[in-house]
Amino acid sequence: MQGVVGWVGGRGMSVAETAAAIRATLAAFPALSMPGRSLQGGAAILTALGQASSVAAEGDLLVACEGALTNRAALTSRLGPVPDESGDAGLILAAWRSWGQAVPGQLEGSFSFALRDAAAGTLFCARDPLGHIPFYYAQAGGAFAFSSSLPGLVTWRGLRRRANPDVLAHLLAFGYLPPDMTAFEGIATLEAGCCLELVPNAQPVLRRYWSLPEAAAEPRRRSPARTNGRPANTAAGKALRSRLAEACAGDQVPDAMLLFGDHAGPLLAAAVDGASLLRPSYRVQGPEDGEAVAIRGGAVLVGPAALAAAPAWLWETGEPAADPLLPIRHAILSSPALAQQTVGLDSGGDELVLSRPDYAQFAGMLEQLRSNPGAFRGGGFHGGAVMARDLVQLAAGYFTEAERLNLSGPGLLHTLAFAVADELGTGLETVPTEAAVDAAFRVDFARRLAAREAAAAWQASRGRPAPVLVPFLRREVVEWCVSRSQAVRRQLAAPAPAGAKSVPIDAWLRGPLHGFARDTFASSAFRNRGLYNLAYVDQLVEQCFEHGEPTGRLIWPLLCLELWFKTFIDRVPTKGLAPLTLERDASIIGVA
């Protein structure tokens, strides 16, 4: 495990208390390296071993960074030479002396960093625009603690390791967590494209330094749609392929392209010459005598044993995954068959070219609502005409409102009004459909794609000998796409390939996962959570296992959530915990 972890504050902590706090907080960091420095004011910034982590110190400034900057050459040409041994942290420190809090906007690539100014008593933290590197923080135990690994904060003293019911309701409703919150009560996430400043005797101040560009105006006459079955061979298509190629070449040319999407993968494949193309093929039985993942020809054969990666996914991220594709993708990327290869993913591509079916469904529902305002009236807990968030729920939600109502027990009923898409507003009835779709895309991008997809790819790359690249989720590619009109963006998409792409979760649950699911839902721990309507859960289980009905998409999130409870809430997580002692003159920590 690699990453950044540290804290500011904790005045009055004894050496024994400090040692206990470090040992608990670094449960996810078994190998610790601090080429460091004792700072006044009760502050420490530590980095775990890993080639993507670096630390630099000069005077009263200390910087710890995880990630990889892609514009080092441009920065050094403006700032002057920086010692190579200081890594990206040394470059950020030099940039801070020149530009101060404007530094994040000058950086390109994947990064999260924390900068401590001991003289001023301040801490400044930032996360890259697309959210590749996570950054979590909490205020507890008399300190402000932070980490690029969520498990690194779970056992921080003063935190009670409680689940946040609002966030769990959000997860079950929409299939992902809010971009600024975690499933743990008291632990927050720094949003992508944001920075945080902590000054003495004040609350943290959050500021957004990057946002998506404004939407391009739609042309009066749209270009004709493609008819050749390939990504558009137009100036726009060539320009996007050129940017994708540059995004790959800036890191390392991929050996293989892993194409999960339906429409944008051919664009990426055309931009990278020589890379083998791999598409997942899901099997009810294991691909090779019980293996989770195997490569055969141009396919990645994935069996239900891949879901055994769910515990590893949980430990890496600290987050339950309502979408089974997330732990499966983690298993694919960490499998021996691909571990030595530089892999490119097409994540984000279908969203940028507006080819996700959800967007078309959203537009269709909006048109239907305009022509027949009573079409969506009643049936929900509000009982009236639908709002913008209800359209998003219907089009892209993980559960329908009725399912969420039926599923929720006493522990979640009070959260039913917790909504994700309020920023869409209530005036979609009068704006052009293109503007409404753009608003839905921006909510989807900010709350799901940038916050989860980019970070998931980075977390999967931790511990791999070769990197994982996500060219569509590079800042220059995103800004270019969003600056094009919707008509142009849609023409860039290729037709979806033949064949089902969805994970056969129902068949897996009725087969190899049957015993695990039955035992989980019958356990006293699950049934005493107080979160669910047990009668409805039992009905879903019976429909799946006894009648063969497709209720797996409702059952899997509950299984994953229960596994998360058992890993982090029911007991103290101790994976990777190694004995750690501190002498009174230890140089890795300064306590006032």
| So how exposed is D538, as accessible area in Å² (1.4 Å probe, rounded to 10)? | 60 Å²
| said: Full-extension gain between E197 and A216, please, as 0.36 nm times their residue separation minus the C-alpha to C-alpha distance. | reply: 3.5 nm
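Counting Lys +1, Arg +1, Asp -1, Glu -1, what net charge surrounds V103 among other residues with beta carbon under 13 Å of its beta carbon?
Neighbourhood net charge equals -1.
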| request: Take W96, W315, W564 and sort them by solvent-accessible surface of the protein heavy atoms, 1.4 Å probe, largest at the top. | output: W96, W315, W564
| If each of A73 and D180 carries a label point 7 Å out from its Cα toward its Cβ, how far apart are those two points in nm? | 3.9 nm
| request: Place a +1 charge on the Cβ of each Lys and Arg in the range 447-548 and a -1 charge on the Cβ of each Asp and Glu, then give the dipole magnitude about the Cα centre in debye, rounded to the nearest 20. | output: 580 debye
| remark: Amide H proximity to C194 below 5 Å, modelled H, separation 5+ or other chain, gives R127, Y209
| Of all trypsin sites (Lys or Arg not before Pro) in the range 86-182, which ones are in loop regions per DSSP and have a Cβ with at most 13 other Cβ atoms within 10 Å? | R160, R162
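Applying 1/(1 + (r/R0)^6) with R0 = 35 Å to the Cβ-Cβ distance of A360 and R464, what FRET efficiency is obtained, to the nearest 0.05?
Efficiency computed from Cβ-Cβ geometry: 0.45.
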| What percentages, rounded to whole numbers, describe P(r) for the range 83-151 computed over all alpha carbon pairs with 10 Å bin width beginning at zero? | 18, 49, 30, 4
| field | Long-range amide H partners of F184 with built H, under 5 Å | value | N164
| Spin-label pair T430/Q539, simplified geometry with 7 Å Cα→Cβ offset, distance in nm | 4.1 nm
| query | Points 7 angstrom from Cα along the Cβ direction at E476 and Q368: gap in nanometres? | reply | 4.3 nm
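Given the C-alpha atoms of the range 286-371, compute the convex hull and give its volume per residue in Å³. Can you show the working numbers first?
Details: hull volume 12.7 nm³, N = 86.
So the per-residue Cα hull volume is 148 Å³.
Highest mean first, how do 328-340, 511-523 rank when packing is the count of other Cβ atoms within 10 Å averaged over residues? Walk me through the intermediate numbers first.
Details: 328-340: 19.9, 511-523: 14.7.
Result, highest mean first: 328-340, 511-523.
Roughly how big is the range 116-225's charge dipole about its Cα centre, with Cβ charges of +1 (Lys, Arg) and -1 (Asp, Glu), in debye to the nearest 20?
Details: 11 positive and 9 negative charges, 31 e Å.
So the dipole magnitude of the range 116-225 works out to roughly 140 debye.
The values are calculated or read from the model by the stated rules, or taken from the named source; none is laboratory data. Keep in mind the model is a prediction, meaning the values are calculated, not measured. All Cβ positions, glycine included, derive from the backbone under ideal geometry; neighbour counts span all protein chains shown. For accessibility, only protein heavy atoms count, side chains too; no ligands or nucleic acids. Shrake-Rupley method; radii C 1.70, N 1.55, O 1.52, S 1.80 Å.
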